[in-house]
1. In terms of modelled amide H atoms, which long-range or inter-chain residues lie less than 5 Å from the amide H of LEU341?
2. Starting at the first residue of segment 261-275, write each ³J(HN,Hα) from the Karplus equation 6.51 cos²θ - 1.76 cosθ + 1.60 with θ = phi - 60°, in whole Hz, x for Gly and Pro.
3. Please report, to one decimal in angstroms, the Kirkwood hydrodynamic radius of segment 335-396 built from all distinct Cα-Cα pairs.
4. Within segment 236-309, list the GluC sites (Glu not before Pro) lying in a DSSP loop whose Cβ has at most 12 other Cβ atoms in a 10 Å radius.
5. Among 387-393, 100-106, how do they line up from the highest to the lowest mean number of other beta-carbon atoms within 10 Å?
6. Over segment 335-396, what is the relative contact order in percent, taking alpha-carbon pairs closer than 8 angstrom and at least six residues apart?
7. Can you compute the charge dipole magnitude of the chain about its Cα centre, using +1 on each Lys and Arg Cβ and -1 on each Asp and Glu Cβ, nothing else charged? Give it in debye, rounded to the nearest 20.
8. Using modelled backbone amide H atoms (1.01 Å from N, in-plane), which distant-in-sequence or interchain residues come within less than 5 Å of VAL214's amide H?
Amino acid sequence: MTTTKSSASTAAQEQDVVRIFDTTLRDGEQCPGASLNTQQKIEIARALELLNVDVIEAGFPIASPGDFEAVQAVSEVVHSSRIAGLARCTEKDIQAAADALKNAAKKRIHVFCATSEIHMKYKLKKSREEVLRMSTEHTRFARSLVDDVEFSAEDATRSDPGFLAEVVSAVIEAGATTVNIPDTVGYTVPDAYYELISMLMAKVPNIAGTVISVHCHDDLGLAVANSLAAVRAGARQVECTINGLGERAGNCSLEEFVMALKVRNDHYKEQTQINSTRLYPTSRLVSTSTGMMVQRNKAIVGENAFAHESGIHQHGVLSNASTYEIISPADVGISNNKLVLGKHSGRHAFRDRLAHLGYQVDDVQIDKAFEQFKILADKKKDIYDEDICSIMDQLSSVAPSIWELEVLQTTGGTQVMPTATVRLKNVGGQVFQDAATGDGPIDAAYRAIQRICKLKIKLQDYQIRALTSGTEAQGEVNLEVQIDGQMIRGRGVSTDIIEASAQAYLSAVNRYLVRNNSTKKQ
Ligand code: KIV
Ligand code: ZN
């Protein structure tokens with residue numbers, strides 16, 4: 001069964017465990033609208049370290065100054081997990097990764113090059129010979145800078161297997177310590193992936209001693225199944241993301257893969273070093289930070305994952321939980337006693353709860369968070385984990401002060417024209433006010449905000465839910481807007497749902513403004 005160790009990667013090298021390479025901060029963040037600022041990335045990286053992941057891919061340093069800064073910052077604060085930075089096959093990319101990783105206690109440069117005919121012909125416009133040469137030369141260059149180099153053969157599952165084997169052998173010869181066989185477009189199926197990995201294990205002459213890694217996307221909903229099949233074939237590193245976040249349909253979900261291996265240890269006879277009791281708190285942190293809600297019926301971390309609706313099931317679980325539960329909620333960090341703090345709770349209890357949720361904060365941050373906690377505790381009696389996560393998210397949210405909501409006043413009802421008056425403060429401290437009418441008070445507030453910010457904003461998706469149970473629960477609004485052709489997510493939380501709606505809208509505006517001030521990703 002899984003155990004917690006102080007130094008994840010060292011122990012992984014000593015034992016034959018399946019290494020967990022988390023790419024939430026790189027591939028996960030590529031999910032449209034899920035951008036994170038450096039502070040949020042640091043918090044997530046710390047939570048991943050507590051989860052005991054072996055490798056944290058912190059970003060793609062050449063992609064933007066923000067990515068470089070984030071890899072650099074994560075390298076400074078994480079000590080036990082290895083930090084990886086992504087690079088294409090160019091010296092500039094690899095040097096940028098090495099520079100960003102300079103202060104990491106354990107570092108890895110992750111070099112990739114596509115090997116499928118489709119990618120070589122239409123994207124790279126290179127021949128097989130050129131791709132083979134680029135891959136080996138740049139793996140060698142990366143190895144001259146760091147001891148730990150991963151090479152990924154992008155779109156491996158649609159590559160010619162013979163050519164793929166040739167590339168794998170050549171990059172190992174050039175110094176790759178881990179070789180990744182990604183299913184970049186989520187095309188493979190478990191049997192085929194099992195055969196591909198088995199073929200490489202059998203046919204690549206110098207493969208012994210190299211860690212074979214897999215990286216699956218979920219376009220056919222098979223990322224976890226494919227990763228498990230690959231492990232049976234001999235893969236010893238699995239790349240995944242918290243909540244399955246990632247490009248298009250996402251990546252292999254870390255929590256699902258880890259729990260499948262743990263619960264069905266009888267079948268796989270393999271283990272990871274993940275501390276599974278950190279899964280739920282980490283999932284919550286990633287969800288609140290990215291504004292990407294976890295679907296209710298999501299395996300392991302969804303709200304309904306342990307809810308039993310039918311009377312027969314409820315009766316069975318009450319008699320003996322194993323009748324309908326294959327995992328105990330406590331095993332993934334879901335506590336039965338969800339009520340945590342109240343108005344009279346002290347700073348000490350608050351700090352303890354933050355630590356349980358994976359937040360490692362300094363005294364200044366504690367002061368700010370505790371002040372917000374007290375304000376909230378005045379508005380609602382019981383404070384739950386979700387409330388605490390939302391306080392922390394607001395404190396570290398992207399660009400909190402470009403536009404801030406100062407005043408919101410709305411009227412609505414059956415016999416009146418819905419109207420909103422909004423007052424916003426900009427980053428320079430100037431205050432602007434406008435009023436608008438709309439289909440309802442929320443629409444009116446959005447129209448007033450658009451007028452003040454002078455932006456054309458199209459609301460694409462709007463979801464509201466109660467963060468916790470009870471009529472005094474805070475409302476959480478998650479939305480997606482289109483500004484200037486870009487899809488941006490926003491999130492707002494308040495005991496007043498109209499205010500939560502305005503905050504979510506403003507947070508999307510702020511994200512848009514931050515994103516468009518910095519260099520765009522490639
Ligand atoms: O999906 C993919 O192929 C990737 C590589 C960069 C590993 O994300
Ligand atoms: Zn990927």
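1. ILE383
2. Taking θ as phi minus 60°, the curve returns 5, 6, 5, 9, 4, 4, 8, 7, 6, 10, 9, 10, 9, 5, 7 Hz for segment 261-275.
3. 11.5
4. Values: sites: GLU239, GLU247, GLU255, GLU256, GLU270, GLU303, GLU309; in loops: GLU247, GLU270, GLU303, GLU309.
When the GluC sites (Glu not before Pro) of segment 236-309 are filtered for loop state and at most 12 Cβ neighbours within 10 Å, GLU309 remain.
5. 387-393, 100-106
6. That works out to 50 percent.
7. The dipole magnitude comes to about 720 debye.
8. The answer is ILE181, GLN237, VAL238, GLU239.
Readers should treat all values here as calculations from the given coordinates under stated rules, not as data from a laboratory. Just so you know, these numbers come straight off a predicted model, no measurement behind them. Counting neighbours? That spans all protein chains shown, and the Cβs are built from the backbone with ideal geometry, glycine included.
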